[in-house]
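Engineer: Below is one structure. I have some questions about it.
The values are calculated or read from the model by the stated rules, or taken from the named source; none is laboratory data. Bear in mind the structure is a predicted one, so any value in this text is a computation, not a measurement. Positions of Cβ are backbone-derived with ideal geometry, glycine not excepted, and every protein chain shown enters the neighbour counts. Note: areas computed on protein heavy atoms with side chains; ligands, DNA, RNA excluded. Shrake-Rupley method; radii C 1.70, N 1.55, O 1.52, S 1.80 Å.
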Amino acid sequence: MSPPIAPPGWSRWLVPPAALSVHLSIGQAYAWSVFKPPLESALGLSGTQSALPFQLGIVMLGLSAAFGGTLVERNGPRWAMTVALVCFSSGFLLASLGAATEQYWLIVLGYGFVGGIGLGIGYISPVSTLIKWFPDRPGMATGIAIMGFGGGALIASPWSAQMLESFGSDSSGIALAFLVHGLTYAVFMSLGVLLVRVPRGGKPVGGGASGPSGLTGVQVSARDAVRTPQFWCLWVILCMNVTAGIGILEKAAPMIKDFFADSSTPVSVSAAAGFVALLSAANMAGRIGWSSTSDLIGRKNIYRVYLGVGALMYASIAWFGDSSKPLFILCALVILSFYGGGFATVPAYLKDLFGTYQVGAIHGRLLTAWSTAGVLGPLIVNWIADRQEEAGKHGSALYGLSFYIMIGLLAVGFVANELVRPVDPRHHLPVPKEPADVQREPSV
């Protein structure tokens, strides 16, 4: 499937909507917490077990992005979006079969493994194309598209909750909800497949070529990029920021219910689903707002905000969160806005350090940090909560220790960000001299 070339006069502003159609669909992953309580009740699962499909999905996201990044660069965005559509929708259909037959391993296989491949390929599918279309505003461009991944749960969370209410929260109701998700997202993602285009000749808007010989400035291949300390500093930064955010997001609905279970106004199931939707809105807003801000103040400065202020927000929840719903919600919203902003800003950070040549493949390799964080975040929060519950604790006491761990992880990420420096010239691709430059050289 050859990459579709934009005809003369094609507006570059049609490309972000194509990316959004895919990212809004695969962003459903952030609404997984809505399914956790029904699955635990219907299949007799623990909190840690019910998190497994989500965790595996994030692991496969990172692995498929890492191993498929070069294929995405080679085959183009339409091929990548098609693969994402098939895998993501098929994952839901397998999960539906698993719920209907009460075979939990099928849910894990479908949603986590197969659907996770769709997550990874779909996530990186537009990145390189968008940077080629918007070389003047890479943070804003990737933010527009990637905000869709954060905003997917804004749609999916209330939609899923309504389906579970209508179909029932038993295994058959969950199966039907999964089935509707799979079919609907297949139709919606096909819009992106049909609409996406690449610049004529593969050239960035404003000049340059897609190969190393026609690019100006620092250019580093994906193979060389992973050998630099800058890549691994960014890996640590992304991993720590994602771990801190995903720890709240994956358990958002039961967490807010636990925090205020003993208050005079406990949180209802519908209100908890609304909280998940609010977090999704913050996640989405952070992806476009903070990434656009990074075009003005720089990537390093914006990550100082994500990691430093994020640690303060976690401390506020740990110390005062159970005494005030508005404070708890506000701090969680800020954390999730930084979480989303970190995802949307990292492609531009990579472009600043390594150039646009193979930036999609480099981004795919970096997303293995997301795979690691997808295991660490939910594991830390769920495992500690389960152990605390076994010890007889309840309410906010289930989460105190995990929040302090998150503060420490954000501090590690902050230090890694301070260590980022320009890439050593020995890793740069050689740039052939222009004929005019050769003529200007003095003869010897």
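Engineer: If you place +1 on the Cβ of every Lys and Arg, -1 on the Cβ of every Asp and Glu, and leave all else neutral, what size is the dipole of the chain about its Cα centre, to the nearest 20 Debye? Walk me through the numbers before you get to the answer.
Structural biologist: On the way: 26 positive and 21 negative charges, 268 e Å.
In debye, rounded to 20, the chain gives about 1280.
Engineer: Ok, one more. Calculate how steeply helix 115-124 sits against the longest principal axis of the alpha-carbon atoms of the chain, using the helix alpha-carbon long axis, and give the answer as 0 to 90 degrees to the nearest 10.
Structural biologist: 40
Engineer: Then there is this: Name the most mobile residue of GLY274, GLY112, GLY143, meaning the one with the largest mean-square fluctuation, in a Gaussian network model of the chain with Cα contacts below 10 Å.
Structural biologist: Per the Cα network of the chain with a 10 Å cutoff, GLY274 tops the list.
Engineer: Just to check I understand the Karplus step: with θ = phi - 60° and J = 6.51 cos²θ - 1.76 cosθ + 1.60, what whole-Hz values come out for segment 273-280, glycine and proline as x?
Structural biologist: Each residue's phi maps through the Karplus curve to give 5, x, 5, 4, 5, 4, 4, 5 Hz.
Engineer: If you place +1 on the Cβ of every Lys and Arg, -1 on the Cβ of every Asp and Glu, and leave all else neutral, what size is the dipole of segment 242-332 about its Cα centre, to the nearest 20 Debye?
Structural biologist: It works out to roughly 320 debye.
Engineer: Tell me what the chain gives for mean residue ellipticity at 222 nm when only DSSP H runs of n ≥ 4 count, each as -39,500 (n - 2.57), the sum divided by the residue total, rounded to 500 deg cm²/dmol.
Structural biologist: Dividing the helical sum by the residues of the chain leaves -23000 deg cm²/dmol.
Engineer: Taking amide H positions as placed in the peptide plane 1.01 Å from N, state which residues far from VAL198 in sequence (5 or more) or on other chains have amide H under 5 Å from it.
Structural biologist: HN-HN under 5 Å from VAL198: ILE5, ALA6.
Engineer: For segment 113-202, just say rounded, prolate or oblate: build the C-alpha gyration tensor, square-root its eigenvalues into a ≥ b ≥ c, call rounded for a/c under 1.5, and beyond that prolate if a/b exceeds b/c, oblate if not.
Structural biologist: prolate
Engineer: Give the residue from LEU279, GLN219, ILE302 lying farthest towards the positive end of the charge dipole for the chain; charges sit on Cβ (+1 for Lys and Arg, -1 for Asp and Glu) and the dipole is referred to the Cα centre.
Structural biologist: GLN219
Engineer: Let a ≥ b ≥ c be the square roots of the eigenvalues of the Cα gyration tensor of segment 227-367; is it rounded (a/c under 1.5), or, if not, prolate (a/b larger than b/c) or oblate?
Structural biologist: prolate
Engineer: While we're here: Calculate the spin-label point distance for GLU40 paired with VAL309, positioning each point 7 Å from the Cα along the beta-carbon direction, and give it in nanometres.
Structural biologist: Modelled inter-label distance: 3.2 nm.
Engineer: Taking amide H positions as placed 1.01 Å from N in the peptide plane, with prolines and chain starts having none, which residues 5 or more places from GLN219, or on another chain, fall under 5 Å of its amide H?
Structural biologist: Here the answer is LEU429, since their amide H atoms fall under 5 Å of that of GLN219.
Engineer: Next question. Pairs LYS251/LYS300; LYS36/LYS393; LYS36/LYS325; LYS36/LYS300; LYS251/LYS325; LYS257/LYS300: which are spaced more than 27 Å apart, C-alpha to C-alpha?
Structural biologist: Where the Cα-Cα span goes over 27 Å, the pairs concerned are LYS251/LYS300; LYS36/LYS300; LYS257/LYS300.
Engineer: How much accessible area per residue does the chain have, counting only protein heavy atoms and a probe of 1.4 Å, in square angstrom? Show your work: numbers first, answer last.
Structural biologist: Values: 16770 Å² over 444 residues.
Accessible area per residue: 38 Å².
Engineer: Please sort by residue number the chymotrypsin sites (Phe, Trp or Tyr not before Pro) in segment 109-194 whose DSSP state is loop and whose Cβ has at most 14 other Cβ atoms within 10 Å.
Structural biologist: Counting only loop positions with at most 14 other Cβ atoms within 10 Å, none of the chymotrypsin sites (Phe, Trp or Tyr not before Pro) in segment 109-194 qualifies.
Engineer: Expressed as a fraction of 2.2 N^0.38 Å, the rule-of-thumb size for a compact globular protein of N residues, what is the C-alpha radius of gyration of the chain?
Structural biologist: 0.99
Engineer: Right, another one. Using a probe of 1.4 angstrom, how much of the accessible area of the chain is carbon and sulfur, in percent?
Structural biologist: 67
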